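A.B. asks: I have a structure here, written as structure tokens, and I will follow up with some questions on it.
The values are calculated or read from the model by the stated rules, or taken from the named source; none is laboratory data. Computed from a predicted structure; not experimentally measured. All Cβ positions, even for glycine, are placed from backbone atoms using ideal geometry, and neighbour counts span all protein chains on display.
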Amino acid sequence: MGEVFAGRYELVDPIGRGGVGAVWRAWDHRRRRYVAAKVLQQSDAHSLLRFVREQALRIDHPHVLAPASWAADDDKVLFTMDLVAGGSLVHLIGDYGPLPPAFVCTLLDQLLSGLAAVHAEGVVHRDIKPANVLLEATGTARPRLRLSDFGIAMRLGEARLTETNLVVGTPGYLAPEQMMGAEPDFPADLFAVGLVALYLLEGAKPDAKALVQYFAEHGTPGAPKSIPEALWQVVAMLLQPDPQARFRTATGARKALAAAAELLPEPGPDDDLIEIFDQIGPLPSEFAPEGPLKRASGVDTGSTTSSVPSAGSPEPENTPGLGAESNGRDSAWPGTDSVPVDPRQGIVSRPTPAPTRTPAPPTSPPTSPPPLPSPMSDTGSFHLPPPQGQQPQQGGQYQPSYSSPHEFTHVLSSPQPRADPSTASYTAQAPQVPPSAPPVPQHRGRRARRRPGPPAKVVIPVLLLALACYAVGFWALAHV
């Protein structure tokens with residue numbers, strides 16, 4: 001079985017290595033799904049600071065692969081992301097070589113869409129390259145691209161983690177201003193997108209230095225034979241050495257790309273289909289698509305429940321989704337999906353389980369409770385697990401060992417044996433529900449009599465007087 005990290009993430013097998021740590025396929029016992037986990041060995045403060053900066057990024061976009069949760073355990077930390085199985089653009093070019101222009105336009109449009117969302121948060125990626133652009137394993141269907149690896153990304157105006165004269169990034173995908181030590185800005189990311197586009201169209205890594213030199217000496221070159229003129233105009237504008245001559249925003253580049261894509265010929269029936277394969281590979285023998293086949297030691301029981309009932313325990317009935325999330329949220333109580341509400345009292349109460357045979361109480365209470373595990377939430381906070389020593393009741397519900405009867409929201413729990421004889425008679429009583437009050441008889445009351453109005457001999461003279469006053473007033477206004 002794999003190593004369990006922070007009581008929640010079970011590491012399955014390594015699937016890659018990033019700039020600051022190894023990437024593993026892991027099983028999330030709380031959300032019950034496979035995720036990609038980047039694990040960092042806390043070797044030095046500089047790497048840890050970069051790691052913390054990357055996991056703090058939260059961008060929700062279909063073409064951005066940002067960290068989703070994080071955890072720490074002893075001398076290691078990790079954060080998790082969605083598991084993307086189709087490999088990177090490097091795998092795609094290795095399988096097919098140069099790609100058709102229409103297919104490249106689809107990939108570039110998704111890349112610019114994700115980059116626009118990153119720039120909207122004021123973040124400069126600084127490391128856009130084919131290895132950091134991942135693909136879902138969609139087969140021959142429409143590709144789905146994800147921009148990943150924000151290890152050296154930074155916000156505009158944020159303090160830099162390197163010296164002023166130190167260049168950070170991947171050689172061959174750096175903008176000219178980055179090579180000269182300029183402050184990171186959005187046009188530098190767009191220059192890297194232009195290099196990625198050229199890589200997809202030609203099937204080989206472009207020579208960025210030679211391109212910059214040619215642009216500076218001879219201006220924009222003509223379109224290569226394999227690239228349509230309309231698409232080349234967009235790529236060439238991304239590759240301008242002067243950042244002021246490039247597109248200013250990813251959205252502007254995306255609009256120009258859409259106009260160029262309309263001028264491309266439709267793919268013919270003889271064109272080869274591009275299929276994006278699963279590059280991760282099968283699961284180890286100890287794991288299934290639904291999770292690990294055996295429960296590993298070290299898994300926090302407060303954040304997950306086993307999908308296989310233990311021997312000798314009845315299977316819960318009418319509890320769909322037990323042990324998993326309900327409606328996208330954690331259950332209200334550990335191990336349950338819903339909590340019944342008593343309409344007579346307006347407070348939450350737990351259903352009383354059927355009476356079961358209880359073991360004899362211990363002769364003496366334990367001197368000190370065992371240490372509690374500390375599962376982490378998605379935002380780095382801690383969830384308090386249920387107290388140790390409690391036994392799961394029917395339906396997977398937990399009963400607290402003790403709660404004060406003087407609390408206003410207290411509801412008497414089911415019988416629990418106590419070692420203290422002075423309180424045994426009190427705690428062993430079944431929940432007492434007060435009898436409902438008898439219905440109050442309703443007496444039919446007399447209908448109130450309608451109050452009579454004034455007599456006619458009074459109403460008629462008053463109305464005539466009012467009409468006379470109205471006529472006099474109208475006549476006076478007409479002669480003013």
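A.B. asks: Hey, any hits in the stretch 195-210 for a residue that's over 32 Å from the mean Cα position of the chain (by Cα) and more than 19 Å from ALA131 (Cα to Cα)?
C.D. replies: Among the residues of the stretch 195-210, at least one is over 32 Å from the mean Cα position of the chain (by Cα) and more than 19 Å from ALA131 (Cα to Cα), which makes the answer yes.
A.B. asks: Restricting attention to the stretch 257-272, which residues are closer than 23 Å to HIS63 by Cα and either small (Gly, Ala, Ser) or surrounded by 11 or more Cβ atoms within 10 Å (Cβ to Cβ) (or both)?
C.D. replies: Narrowing the stretch 257-272 to residues closer than 23 Å to HIS63 by Cα: 257-262.
If the condition is that a residue be closer than 23 Å to HIS63 by Cα and either small (Gly, Ala, Ser) or surrounded by 11 or more Cβ atoms within 10 Å (Cβ to Cβ) (or both), then LEU257, ALA258, ALA259, ALA260, ALA261 are the ones that fit.
Let's see how each residue does on (1) surrounded by 19 or more Cβ atoms within 10 Å (Cβ to Cβ); (2) at pLDDT below 85:
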| residue | (1), (2) |
| --- | --- |
| PRO14 | no, no |
| ARG25 | yes, no |
| ARG30 | yes, no |
| TYR34 | yes, no |
| LYS38 | yes, no |
| GLN41 | no, yes |
| ALA56 | no, yes |
| ALA66 | yes, no |
| ASP73 | no, yes |
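A.B. asks: Still on this model: Within the stretch 72-90, which residues are over 15 Å from the mean Cα position of the chain (by Cα) and closer than 24 Å to ALA153 by Cα?
C.D. replies: The answer is ALA72, LYS76, VAL77, LEU78, ALA85, GLY86, GLY87, SER88, LEU89, VAL90.
Conditions (1) in the same structural domain as VAL104 (by TED's automatic domain parsing); (2) surrounded by 14 or more Cβ atoms within 10 Å (Cβ to Cβ); (3) at pLDDT 90 or above, marked per residue:
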{"position": "ARG146", "(1), (2), (3)": "yes, yes, yes"}
{"position": "GLU158", "(1), (2), (3)": "yes, no, no"}
{"position": "LEU166", "(1), (2), (3)": "yes, no, no"}
{"position": "ASP207", "(1), (2), (3)": "yes, no, yes"}
{"position": "LEU211", "(1), (2), (3)": "yes, yes, yes"}
{"position": "GLU217", "(1), (2), (3)": "yes, no, yes"}
{"position": "SER226", "(1), (2), (3)": "yes, no, no"}
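A.B. asks: Looking for something at pLDDT below 95 and part of a loop (DSSP other than H, G, I, E, B) - is there at least one such residue anywhere in the stretch 130-140?
C.D. replies: Checked the stretch 130-140: at least one residue is at pLDDT below 95 and part of a loop (DSSP other than H, G, I, E, B).
A.B. asks: While we're here: Among the numbered conditions (1) free of Cβ contacts under 8 Å to residues at least 40 places away in the same chain; (2) among the basic types (Lys, Arg); (3) touching a Leu at 6+ places or on another chain (Cβ under 9 Å), tell me where ARG58 comes up short.
C.D. replies: Here ARG58 clears every test but (3).
A.B. asks: Kindly indicate which of ARG246, ARG254 is in contact with a Phe, Trp or Tyr (Cβ under 7 Å, 6 or more places away or on another chain) and either surrounded by 15 or more Cβ atoms within 10 Å (Cβ to Cβ) or assigned by TED's automatic domain parsing to the domain that holds ILE128 (or both). Step through it out loud before you land on a result.
C.D. replies: Details: ARG254 fails: in contact with a Phe, Trp or Tyr (Cβ under 7 Å, 6 or more places away or on another chain).
One residue alone meets the criteria, ARG246.
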